[in-house]
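The values are calculated or read from the model by the stated rules, or taken from the named source; none is laboratory data. Not measured: the values here are computed from a predicted model. All Cβ positions, glycine included, derive from the backbone under ideal geometry; neighbour counts span all protein chains shown.
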Amino acid sequence: MQITNAVVPVAGMGTRLLPATKSQPKEMLPVGKRPVVQYVVDELRRNGLRQVLLITGSGKHSIENHFDVDPVLIRFLRETNKEALLKELDFERQDMRYFYTRQKMQLGLGDAILHAAEFTGNKPFVVALGDSIIGRHAQSRTLSKMMEIFTSGTAEAVIAFEEVPEEEVHHYGIAEPETMPKDGEKFVIRDLIEKPSKDEAPSRLAVAARYVFSQRIYEALRETKPGKGGEIQLTDAIRLLIRGGERVVGVKLPPDEARYDIGNHESYFQAFIDFALHDPEYGERMRAFCRELLNENH
Ligand code: G1P
């Protein structure tokens, strides 16, 4: 069965990126030429997904506006001889359907995903966190691979992972793998711990913002008690699946599909610089500019 539904949680307050996120969603911050969430949707489309439910919250209207056709803007571009810019709006017309629902209270990622139950029904679905881009300019095929593993019937959930430095394990869900995977390989997950300390972490394999689930995840989420930060954690629900005897599989991202986490300043700056330096139009000039800037300062 082909998976066509995706759920993109974008309800978080983005407090780690204040003041930029005071009155705009972090998912709308630009990375190079596009806002983060547009890369996420590009990646979903490239991997065959066609219906997207965005779980929003207060102050997230600009995300809906971004994916909507804007006739006033289109007319303005036509009337002012700026037709060339219309190609920048092509994404508005792609064969993607958008759905929106609001998470009323910030009860955690697990609670946000529960808002998708009616949308996905009994069909399997993808979860793509709206603040992470996979692969430079979202050129990632890992979701297709994850969906293939899922539809082959050998796993109840499939999750993307990346290796992070020891100092960063406390930001992520961390896996205990049955055997340590190489880049791009899949592995069976024995356990999953949300944001462990360095000492508690069973590995450095961090959940990388992409998941494939069956409707079983909802049952697990309904049983999940508040965990880290008093929130309903998706990681804890996956753990319940594993403890219930389900097979949960991880896929380690290949090296050319790095994950860009737009959740804190350091990784946001890195993502922006990386995308600007590799922009097809401006990349060369940006690289020359950076070389000059770095030379001046040494
Ligand atoms: C969430 C998940 C965490 C995961 C991370 C990045 O954390 O709870 O397990 O590793 O996304 O994919 P958050 O960034 O919402 O704190």
Taking the range 121-158 and keeping residues part of a loop (DSSP other than H, G, I, E, B) and out of contact with any Asp or Glu (no Cβ under 7 Å at 6 or more places or on another chain) leaves GLY121, ASN122, LYS123, PRO124, LEU129, GLN139, ARG141, SER152, GLY153, THR154, ALA155
Inside the range 36-60, the number of residues satisfying the requirement of being surrounded by fewer than 20 Cβ atoms within 10 Å (Cβ to Cβ) and of a type outside the set (Gly, Ala, Ser) is 5
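Listed here are the residues, each with its yes/no results for (1) surrounded by 24 or more Cβ atoms within 10 Å (Cβ to Cβ); (2) in contact (Cβ under 8 Å) with a residue 24 or more places away in the chain; (3) of a type in the set (Val, Ile, Thr).
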| site | (1), (2), (3) |
| --- | --- |
| PRO124 | no, yes, no |
| GLY130 | yes, yes, no |
| ALA138 | no, yes, no |
| LYS145 | no, yes, no |
| SER152 | no, no, no |
| GLU156 | no, yes, no |
| ILE159 | yes, yes, yes |
Subset of the range 191-209, residues in contact with a helix residue (DSSP H, G or I) (Cβ under 6 Å, 6 or more places away or on another chain) and near the ligand (Cβ under 9 Å from one of its atoms), comes to LEU192, GLU194, LYS195
Of the residues in the range 259-285, those that are touching a helix residue (DSSP H, G or I) at 6+ places or on another chain (Cβ under 7 Å), buried (at least 16 other Cβ atoms within 10 Å of the Cβ) and small (Gly, Ala, Ser) come to GLY263, ALA276
The residue from PHE150, PHE161 that alone is among the hydrophobic types (A, V, I, L, M, F, W, C) and farther than 17 Å from GLU246 by Cβ is PHE161
For PRO181, indicate whether it is in a loop (DSSP other than H, G, I, E, B), within 15 Å of the ligand (Cβ to nearest atom) and not hydroxyl-bearing (Ser, Thr, Tyr).
no
Note on the range 1-32: residues at pLDDT below 90 and surrounded by 20 or more Cβ atoms within 10 Å (Cβ to Cβ) are ALA11, GLY12, GLY14
Of the residues in the range 67-88, those that are surrounded by 13 or more Cβ atoms within 10 Å (Cβ to Cβ) and under 22 Å from the mean Cα position of the chain (by Cα) come to PHE67
For the range 285-296, pairs from a residue that is more than 12 Å from ILE273 (Cβ to Cβ) and polar (S, T, N, Q) to a residue that is outside any helix (DSSP H, G or I) and modelled with pLDDT of 95 or more, with Cβ under 6 Å and 6 or more apart or across chains, are none
Apart from one, (1) near the ligand (Cβ under 10 Å from one of its atoms); (2) surrounded by fewer than 16 Cβ atoms within 10 Å (Cβ to Cβ); (3) within 30 Å of GLY153 (Cα to Cα) all hold for ARG247; the odd one out is (1)
Picked from the range 214-238 (must be part of a helix (DSSP H, G or I) and away from the ligand (no atom under 14 Å from the Cβ)), the residue surrounded by the most Cβ atoms within 10 Å (Cβ to Cβ) is ALA220
Scanning the range 87-120 for residues that are within 16 Å of the ligand (Cβ to nearest atom) and in a helix (DSSP H, G or I) gives LEU109, GLY110, ASP111, ALA112, ILE113, LEU114
